[in-house]
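The values are calculated or read from the model by the stated rules, or taken from the named source; none is laboratory data. Just so you know, these numbers come straight off a predicted model, no measurement behind them. Note that we place each Cβ from the backbone using ideal geometry, even for glycine, and neighbour counts take in every protein chain shown. Please note that ligands, DNA and RNA were not included when accessible areas were found on the heavy atoms of the full protein model with its side chains. Shrake-Rupley method; radii C 1.70, N 1.55, O 1.52, S 1.80 Å.
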Amino acid sequence: VRRMEADEVVQHFVLALSFTVLVVSGFSLRFYEAWWSRWLFGWESGYTFRGNLHRVAGAVLLLASVWHLLFLFTRRGRIFVKEMWPTWRDLRDFLGTMAFNLGRSRHHPQFGRFSYVEKAEYWALVWGTMVMGATGLMLWFDNFFVNWLPKGFLDVMLVIHYYEAWLAFLAILIWHTYSTVFSPKVYPMNPSWLTGTMPEDQFKAEHPLALAA
């Protein structure tokens with residue numbers, strides 16, 4: 001089985017919780033007249049609360065990112081980066097998977113510790129966190145940044161923040177949720193984000209090259 005240490009499991013839990021709170025509070029600020037937004041925050045001072053909640057969750061996500069960055073400098077972290085780093089094999093695995101799904105090949109590619117799907121999700125998370133963190137901080141401290149940047153620039157940051165939020169939300173809702181919950185290979189759930197381990201038969205089926213190494 002693939003095992004994560006306790007600190008890695010906590011990182012995943014904090015990431016999942018802060019991301020969920022950011023999505024709910026952020027979209028409720030954007031769609032404040034929607035029925036679900038009024039149901040969640042339609043009480044006195046609700047608008048102020050969801051703004052503060054969004055900022056707190058954003059700060060937690062940024063702190064978790066710093067925590068993860070420090071982890072990458074540890075021995076386990078360096079091994080993680082080496083195994084997560086994209087290679088030409090990932091492109092071949094992607095093309096091989098497409099050929100298998102289309103019936104053009106009889107053999108499904110075999111994966112090591114991380115498949116090209118997991119690598120793509122991880123680096124998309126890194127990129128998305130950087131974009132959302134940078135734009136979010138500019139919007140949070142707009143009174144400071146407006147002294148150094150034109151207002152039109154901050155308006156562009158707001159647009160980027162909004163559409164990157166949609167991209168992240170839909171990627172998690174459709175791609176990540178399917179691969180970790182609804183895929184027949186893992187249903188009803190891949191428990192590694194809670195327990196730090198995957199069932200042995202599931203790991204053998206999804207990551208046979210990791211066991212062969």
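Just a few scattered comments:
- The listed residues are Ala171, Ala205, Ala210, and the only one of them that is closer than 19 Å to Gly133 by Cβ and small (Gly, Ala, Ser) turns out to be Ala171.
- Any hit, segment 22-31, residues being under 16 Å from Tyr122 (Cβ atoms) and of a type outside the set (A, V, I, L, M): no
- Residues of segment 114-142 that are at pLDDT 95 or above and among the polar types (S, T, N, Q): Thr129, Thr135.
- Taking the criterion of being touching a helix residue (DSSP H, G or I) at 6+ places or on another chain (Cβ under 9 Å), among the hydrophobic types (A, V, I, L, M, F, W, C) and open to solvent by less than 70 Å² (accessible area, probe 1.4 Å), the residues of segment 76-96 that qualify are Phe80, Met84.
- One residue alone among Val56, Val23, Val10 is free of Cβ contacts under 8 Å to residues at least 60 places away in the same chain, within 22 Å of Tyr162 (Cα to Cα) and not acidic (Asp, Glu), and that residue is Val56.
Residues are listed down the side, and each one gets a yes or a no for (1) among the basic types (Lys, Arg); (2) modelled with pLDDT under 90; (3) surrounded by 15 or more Cβ atoms within 10 Å (Cβ to Cβ):
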{"residue": "Phe31", "(1), (2), (3)": "no, no, no"}
{"residue": "Ser37", "(1), (2), (3)": "no, no, yes"}
{"residue": "Gly46", "(1), (2), (3)": "no, yes, yes"}
{"residue": "Val56", "(1), (2), (3)": "no, no, no"}
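- When each of Phe169, Phe153 is tested for being within 29 Å of Thr20 (Cα to Cα) and either over 24 Å from the mean Cα position of the chain (by Cα) or open to solvent by less than 40 Å² (accessible area, probe 1.4 Å) (or both), the lone residue that passes is Phe153.
- Any chance Met138 is among the aliphatic types (A, V, I, L, M), in contact with a Phe, Trp or Tyr (Cβ under 6 Å, 6 or more places away or on another chain) and in contact (Cβ under 8 Å) with a residue 24 or more places away in the chain: no
- Considering residues of segment 18-29 that are open to solvent by less than 50 Å² (accessible area, probe 1.4 Å) and of a type in the set (S, T, N, Q) only, the residue nearest to Ile172 (Cα to Cα): Ser18
- Selection of segment 185-205 for residues being aromatic (Phe, Trp, Tyr) and in a loop (DSSP other than H, G, I, E, B) yields only Tyr187.
- Scanning segment 97-136 for residues that are open to solvent by less than 50 Å² (accessible area, probe 1.4 Å) and not in a helix (DSSP H, G or I) yields a total of 6.
- Among the residues of segment 60-75, the ones that are loosely packed, with under 14 Cβ neighbours inside 10 Å and in a helix (DSSP H, G or I) come to 5 in all.
- Looking across segment 172-195 at every residue that is free of Cβ contacts under 8 Å to residues at least 60 places away in the same chain and among the hydroxyl-bearing types (Ser, Thr, Tyr), the one that is nearest to Thr20 (Cα to Cα) is identified as Thr177.
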